[in-house]
Amino acid sequence: MSRKAPVNEGPTEIDITEILARIPHRYPFLLVDRCEDYRPSESIVGIKCVTVNEPFFQGHFPGYPVMPGVLIIEAIAQSGAILMSKSLEVDVAGKTILFMSVDNCRFRSPVRPGDVVRMPVEVIRHRGDIFKFKGRAMVGDKVAAECEFAAMVVETQ
């Protein structure tokens with residue numbers, strides 16, 4: 001008996017226009033430029049193109065700009081929020097997605113201006129409006145950061 005490959009029911013790319021429609025973050029706190037390889041309720045890859053014009057580089061650190069680790073984790077979490085929003089078709093008019101926890105966070109390599117950060121995020125568990133994820137931030141073949149995190153959908157009205 002042969003098994004059929006799963007059918008992908010839509011595009012796997014998410015552009016900035018859809019990201020802006022799915023999560024409430026805006027400049028200077030929007031940390032995902034686009035997403036690739038979207039698989040509903042399974043995984044996504046967020047992309048952040050880091051430039052020297054990022055406002056945090058002015059003070060972190062003059063002469064040797066390094067992206068703050070907490071912002072790398074935030075970018076990974078925003079990628080997870082985009083995955084959740086699209087998978088659950090969240091009504092963004094009355095709901096938002098919030099962080100619940102971060103576990104097993106490790107920083108491995110700095111992120112610097114000019115880097116393209118790829119953030120593969122996969123679902124570990126999903127129950128209702130709560131997701132648990134595992135994510136990484138990669139620059140080329142180097143792991144910059146990794147963590148597990150949870151997020152939930154909440155009413156904003």
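Below are the figures for this structure:
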quantity: Cysteines having no other Cys beta carbon under 4.7 Å from their own, within the chain; calculated: CYS35, CYS49
quantity: VAL143-ALA21 FRET efficiency (beta carbon distance; Förster radius 35 Å; 0.05 resolution); calculated: 0.70
quantity: Mean-position separation - Cα centroids, segment 32-46 and segment 95-114, in angstrom; calculated: 16 Å
quantity: Whole-Hz couplings from phi, Karplus 6.51/-1.76/1.60, listed for segment 131-141; x for Gly and Pro; calculated: 10, 10, 10, 10, x, 9, 10, 10, 10, x, 9
quantity: Å² of accessible area per residue within the chain, as computed with a 1.4 Å probe and no ligands counted; calculated: 57 Å²
quantity: In order through segment 119-125: 3J(HN,Hα) via Karplus (6.51 cos²θ - 1.76 cosθ + 1.60), integer Hz, x for Gly, Pro; calculated: 10, x, 10, 10, 7, 8, 9
quantity: Solvent-accessible area, 1.4 Å probe, carbon plus sulfur percent, for the chain; calculated: 53 percent
quantity: J(HN,Hα) series, segment 58-66, from Karplus relation 6.51 cos²θ - 1.76 cosθ + 1.60, nearest Hz, glycine and proline x; calculated: 4, x, 9, 10, x, x, 8, x, 9
quantity: 222 nm mean residue ellipticity, helices alone, for the chain (DSSP H n ≥ 4; -39,500 (n - 2.57); rounded to 500); calculated: -5500 deg cm²/dmol
quantity: Cα long-axis angle, helix 69-88 against the chain (0 to 90 degrees, to the nearest 10); calculated: 20 degrees
quantity: Solvent-accessible area of GLU18 with every protein chain in place, 1.4 Å probe, in Å² to the nearest 10; calculated: 50 Å²
quantity: Net lengthening on full extension, LEU98/GLU122 (0.36 nm per residue, minus Cα-Cα); calculated: 6.9 nm
quantity: Accessible heavy-atom area order of ARG26, ARG125, highest first, probe of 1.4 Å; calculated: ARG125, ARG26
quantity: For segment 59-157: lysine pairs under 23 Å (alpha-carbon distance), excluding those fewer than 8 apart on one chain; calculated: 5
quantity: Residues with amide H under 5 Å from that of LYS95, placed H, sequence gap 5 or more; calculated: THR156
quantity: Cβ crowding within 10 Å averaged over residues, with 95-105, 33-43, 131-141 ranked highest first; calculated: 131-141, 33-43, 95-105
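The values are calculated or read from the model by the stated rules, or taken from the named source; none is laboratory data. Not measured: the values here are computed from a predicted model. Heads up, the Cβs are rebuilt from the backbone with ideal geometry, glycines too, and the neighbour counts pull from every protein chain shown. To get the accessible areas, we keep the full protein, side chains included, count just its heavy atoms, and leave off ligands, DNA and RNA. Shrake-Rupley method; radii C 1.70, N 1.55, O 1.52, S 1.80 Å.
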